[in-house]
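This report concerns only the one structure given below.
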There are 2 protein chains.
Amino acid sequence: MKKKILITGAEGFIGRKLRKFLIAKKNYKVFSTYYKKKITGLGNNSIKCDVRKIDDIKKIIKKIRPHYIFHLAAKSHPTYSFKFPLDTLNTNIIGTANLFESVKNYSSKTKIIVACSSAEFGSFSKEELPIDEKFKKNPEHLYGLSKLVQDLLSLQYFKMFKMNICRAIIFNTSGSGKNFDVFQDFKSQIIKQKKNKTILLKVGNINNLRDFSHVDDTVTALYLLMQRGKSGESYIISSNKLEKISNILKIIKKQLNKKIIIKKNKNLLRKYDEKFIQGNNNKIRKLGWSPKKNLRDIVKDILNEK
Amino acid sequence: MKKKILITGAEGFIGRKLRKFLIAKKNYKVFSTYYKKKITGLGNNSIKCDVRKIDDIKKIIKKIRPHYIFHLAAKSHPTYSFKFPLDTLNTNIIGTANLFESVKNYSSKTKIIVACSSAEFGSFSKEELPIDEKFKKNPEHLYGLSKLVQDLLSLQYFKMFKMNICRAIIFNTSGSGKNFDVFQDFKSQIIKQKKNKTILLKVGNINNLRDFSHVDDTVTALYLLMQRGKSGESYIISSNKLEKISNILKIIKKQLNKKIIIKKNKNLLRKYDEKFIQGNNNKIRKLGWSPKKNLRDIVKDILNEK
């Protein structure tokens with residue numbers, strides 16, 4: 001019989017890509033939860049669920065008793081957390097605890113891969129990079145804190161109840177279909193000026209340095225953790241390459257073959273923002289993963305998406 | 001005009017004592033929130049409030065705009081957290097975030113003293129003791145984790161929004177009126193046998209070592225933090241004395257002047273329990289506090305309470 005996989009938050013950016021990847025494998029029966037927008041083409045395997053409500057998630061776990069869960073349901077944008085701190089804390093912290101309690105009580109052997117975030121770490125100086133799994137976590141905003149608590153809860157449920165929980169610490173991930181990130185911001189400005197020879201781009205802080213992964217690589221990493229990730233452990237998913245935001249602009253220029261004028265805009269500066277983020281991916285590489293795509297692939301994917 | 005103080009969770013053990021202490025000072029207008037049992041004799045200054053509900057707490061902050069808040073509302077027993085993990089996480093984490101958001105939006109200058117706990121630290125070896133404010137926090141159970149998150153939230157709201165939040169890390173506190181602790185457990189057994197010459201006491205692990213403060217000392221420490229505690233800082237409130245649980249039995253024996261037979265009982269052993277807890281109280285001593293009572297005073301208070 002096919003093993004059952006449940007993806008929470010399967011309507012999100014990574015969730016959608018992971019779902020397609022797992023369905024294509026044909027070895028699994030894939031169930032998906034959505035919060036706002038029903039996922040079409042999945043019939044009964046697409047289930048409405050608000051993780052903040054214990055009854056919603058309990059019912060699903062009790063019924064499906066999945067072999068594996070990818071817990072992706074979250075409010076996953078720093079900017080959203082500035083406006084809606086309570087919703088972010090409730091969804092990410094209580095939502096995760098609701099899931100763990102349901103699994104503990106009704107499906108205790110299920111392996112859970114929890115999506116944590118590089119935002120847990122906060123800022124380090126360039127000299128200290130790359131960040132590895134043992135670095136001190138000192139988040140700079142409430143989104144980062146909410147993800148740190150997911151991480152702490154995962155460890156606690158592993159330690160206290162011997163639950164099979166493995167943490168994926170996901171660094172910046174992009175690709176076609178992503179919303180609200182720097183790539184999409186540039187792209188949406190480009191679309192509006194697509195007939196012009198010269199494109200004017202308003203930018204925030206383009207000197208910040210980031211570690212970008214293509215979502216296809218993030219998905220294969222998550223799948224590997226499902227197969228080989230150790231309970232109680234966390235694994236950084238990152239490219240381990242430090243790229244200046246301005247480098248994205250150079251690649252866009254080359255791929256578009258147009259003149260680009262850059263204009264700094266104060267409104268695009270974030271008040272709370274990590275200056276440098278770079279993740280050491282040695283630990284997950286040792287399980288047999290390596291990224292196959294680079295920054296150029298991300299830009300290409302996004303410029304080409306319809 | 002008298003300055004206004006709000007105590008959340010004022011029906012609890014420390015809350016009750018703190019309220020009496022502050023009312024006796026006569027310099028303050030003291031407001032109290034309760035969750036289950038209305039506090040009598042306070043008229044309109046006793047307000048029902050479920051901190052898990054943002055509207056409850058928002059309404060109170062908006063109306064009172066207190067100068068000071070002691071945030072004591074919490075599910076504060078490790079054992080309760082084993083049975084009711086979600087209630088513990090919701091009350092302690094979301095309840096605290098609800099308070100901070102309400103203060104941020106409606107009373108941003110209020111100084112908040114947040115009751116954190118020694119349970120945040122988890123276990124250290126005897127050689128590493130006493131624990132100070134900089135020790136790594138690695139809680140052993142969900143109650144400890146929930147208190148750690150209160151602590152992290154306090155720091156985050158201080159850093160992000162410059163809120164006036166000071167953390168009290170309270171170690172074991174007892175005295176008359178305390179429920180569900182080792183002293184009360186011994187006392188309730190003694191009451192049942194009060195006519196006997198020999199008293200049989202069932203005990204758990206009496207070799208664990210703890211740092212016990214008398215609640216009167218804890219109250220003066222909290223009051224001092226209200227006056228002099230620095231925003232963004234945490235202060236350990238402890239006796240800095242390491243006492244074996246068995247030492248309590250010796251004191252009881254002396255004070256009762258009866259023969260006591262001790263019987264170990266497996267059911268009284270906790271599965272998740274810190275072996276040693278001892279807090280370094282140097283930081284709060286530097287503000288001008290020192291404990292005035294000792295273990296004998298705690299036992300005396302409890303044996304004499306009606």
Practice prompt. Those residues that are of a type in the set (Phe, Trp, Tyr) and under 16 Å from B:Val114 (Cα atoms), I need them from region B:1-30; list them, please.
Written response: B:Phe13
Practice prompt. Would you be able to say whether some residue in region B:11-32 is of a type outside the set (A, V, I, L, M, F, W, C), under 19 Å from B:Lys111 (Cβ atoms) and within 14 Å of chain A (Cβ to nearest Cβ)?
Written response: no
Worksheet item: Just to be sure, is B:Ser231 buried (at least 16 other Cβ atoms within 10 Å of the Cβ) and not in a helix (DSSP H, G or I)?
Response: no
Discussion item. Just to check your reading of the model, which residue among A:Lys197, A:Lys192, A:Lys202, A:Lys187 is without any contact (Cβ under 8 Å) to a residue 40 or more places away in the chain and either among the β-branched types (Val, Ile, Thr) or more than 14 Å from chain B (Cβ to nearest Cβ) (or both)?
Written reply: A:Lys192
Worksheet item: Restricting attention to region A:182-199, does a residue exist that is under 18 Å from the mean Cα position of the chain (by Cα) and small (Gly, Ala, Ser)?
Response: no
Worksheet item: So, in region B:122-140, of the ones that are among the acidic types (Asp, Glu) and surrounded by fewer than 21 Cβ atoms within 10 Å (Cβ to Cβ), which residue ends up nearest to the other protein chains (Cβ to nearest Cβ)?
Response: B:Glu133
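Identify, please: which residue in region A:122-140 is in a helix (DSSP H, G or I) and without any contact (Cβ under 8 Å) to a residue 24 or more places away in the chain and is, among those, nearest to B:Leu86 (Cα to Cα)?
Across region A:122-140, the extreme among qualifying residues is A:Glu128.
Yes/no per residue for (1) at pLDDT below 95; (2) of a type outside the set (Gly, Ala, Ser); (3) touching a Phe, Trp or Tyr at 6+ places or on another chain (Cβ under 9 Å):
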| position | (1), (2), (3) |
| --- | --- |
| B:Asp87 | no, yes, yes |
| B:Asn92 | no, yes, yes |
| B:Lys104 | no, yes, yes |
| B:Lys109 | no, yes, no |
| B:Ser117 | no, no, yes |
| B:Ser123 | yes, no, yes |
| B:Lys126 | yes, yes, yes |
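Scan region B:83-94 residue by residue and report those that are part of a helix (DSSP H, G or I) and either touching a strand residue (DSSP E or B) at 6+ places or on another chain (Cβ under 6 Å) or closer than 18 Å to A:Thr96 by Cβ (or both).
B:Pro85, B:Leu86, B:Asp87, B:Thr88, B:Leu89, B:Asn90, B:Thr91, B:Asn92, B:Ile93, B:Ile94
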Practice prompt. Please determine, by comparing only the residues of region A:155-179 that are surrounded by 19 or more Cβ atoms within 10 Å (Cβ to Cβ) and free of Cβ contacts under 8 Å to residues at least 60 places away in the same chain, which one is farthest from B:Lys137 (Cα to Cα).
Written response: A:Tyr157
Discussion item. Tell me whether region B:48-59 contains one or more residues that are under 18 Å from the mean Cα position of the chain (by Cα) and either under 23 Å from B:Leu155 (Cβ atoms) or more than 14 Å from chain A (Cβ to nearest Cβ) (or both).
Written reply: yes
Worksheet, complete the sentence: Of the residues in region A:1-41 that are of a type in the set (D, E, K, R) and in contact (Cβ under 8 Å) with a residue 40 or more places away in the chain, the one that is surrounded by the fewest Cβ atoms within 10 Å (Cβ to Cβ) is A:Lys3
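Going by the structure shown, is B:His67 at pLDDT 95 or above, of a type outside the set (A, V, I, L, M, F, W, C) and in the same structural domain as B:Arg16 (by TED's automatic domain parsing)?
yes
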Worksheet item: What number goes with the only condition from (1) under 21 Å from A:Pro78 (Cβ atoms); (2) in contact (Cβ under 8 Å) with a residue 12 or more places away in the chain that A:Lys266 does not pass?
Response: (2)
Response to the item:
From the option list B:Ala115, B:Ala97, B:Ala74, B:Ala119, single residue qualifying as part of a loop (DSSP other than H, G, I, E, B) and crowded, with 21+ Cβ neighbours inside 10 Å is B:Ala74
Worksheet entry | Only listed residue being away from chain B (no Cβ under 13 Å) and outside any loop (DSSP other than H, G, I, E, B), chosen from A:Tyr80, A:Tyr143 | A:Tyr80
Discussion item. So A:Ala221 passes all but one of these: (1) assigned by TED's automatic domain parsing to the domain that holds A:Tyr157; (2) more than 28 Å from A:Leu145 (Cβ to Cβ). Which condition number does it fail?
Written reply: (2)
Worksheet item: Pairs, please: C-beta under 6 Å, at least 6 apart or cross-chain, first residue more than 15 Å from A:Gly229 (Cα to Cα) and in region A:101-113, second among the charged types (D, E, K, R) and outside any helix (DSSP H, G or I)?
Response: A:Ser107/A:Arg65
Item to complete: Hey, could you check region B:239-288 for residues that are hydroxyl-bearing (Ser, Thr, Tyr) and out of contact with any helix residue (DSSP H, G or I) (no Cβ under 7 Å at 6 or more places or on another chain) and say which is nearest to B:Asp217 (Cα to Cα)?
Response: B:Ser239
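The values are calculated or read from the model by the stated rules, or taken from the named source; none is laboratory data. For clarity, every value in this text was computed on a predicted model and none was experimentally measured. Positions of Cβ are backbone-derived with ideal geometry, glycine not excepted, and every protein chain shown enters the neighbour counts.
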